[in-house]
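Working notes for the structure below.
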Amino acid sequence: QVQVVESGGGLVQAGGSLRLSCAASGSMFSINVMGWYRQTPGKERELVAAISSGGSANYADSVKGRFTISRDNAKNTVYLQMNSLKPEDTAVYYCLVQWGRGTLWGQGTQVTVSS
């Protein structure tokens, strides 16, 4: 059984940092893009950052210079280092994994930034 499990969310004050992790497990093959999306109530899920298997990354304009995405291909794990957090970063963060048989989403992890 394949699955994607996120960890690392929580409550932090504005200006603080958090690191999210997402591990893909099971009989996965040909993992290509891994990424992070976020969603707040009443809004559509939006891309935060994504990274290819070769290491090419792209970011939402709102997080450029503050967030860094990275991955460990040997562990099928993707990370999101979030610095200088703002209250508007508050959301449920979802991990996405594109692999040989489609796309998997994690269950989501809550990030709350207090002002």
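Placing a label point 7 Å from the Cα of S25 along the Cα-to-Cβ line, the residues of the range 96-115 whose backbone N sits under 14 Å from it are 107.
For the chain, the Cβ-based charge dipole about the Cα centre amounts to some 120 debye (Lys, Arg positive; Asp, Glu negative; other atoms uncharged).
The listed residues V111, V2, once ranked by accessible area (1.4 Å probe) with the largest placed first, stand as V2, V111. Surface calculation, 1.4 Å probe, protein heavy atoms: S70 sits at approximately 50 Å² accessible. Applying a DSSP loop filter and a limit of 15 other Cβ atoms within 10 Å to the chymotrypsin sites (Phe, Trp or Tyr not before Pro) in the range 22-115 leaves F29.
Of all aspartates and glutamates in the structure, the ones whose alpha carbon falls short of 20 Å from that of K75, not counting any fewer than 8 places away in one chain, are E6. The residue list W36, V63, I51 was ranked by how far each Cα lies along the charge dipole of the chain toward its positive end, using unit charges on Cβ atoms, and I51 comes out on top. Which FRET efficiency, nearest 0.05, do S17 and Q110 yield, Cβ-Cβ r, R0 25 Å? That gives a FRET efficiency of 0.95. Looking at the chain, which longest stretch skips every one of the trypsin sites (Lys or Arg not before Pro) that is in a DSSP loop with at most 13 other Cβ atoms within 10 Å, leaving the sites themselves out? Free of exposed loop sites, the longest segment is 1-42. Here K64 is the anchor, and the aspartates and glutamates within straight C-alpha reach of less than 16 Å, apart from those fewer than 8 places off in the same chain, are E46, E88, D89.
The values are calculated or read from the model by the stated rules, or taken from the named source; none is laboratory data. Because the structure is a prediction, the values reported are computed rather than measured. Note that each Cβ is placed from the backbone with ideal geometry, even for glycine, and that neighbours are counted across all protein chains shown. Quick note on the areas: whole protein, heavy atoms, side chains included, nothing else; ligands and nucleic acids left out. Shrake-Rupley method; radii C 1.70, N 1.55, O 1.52, S 1.80 Å.
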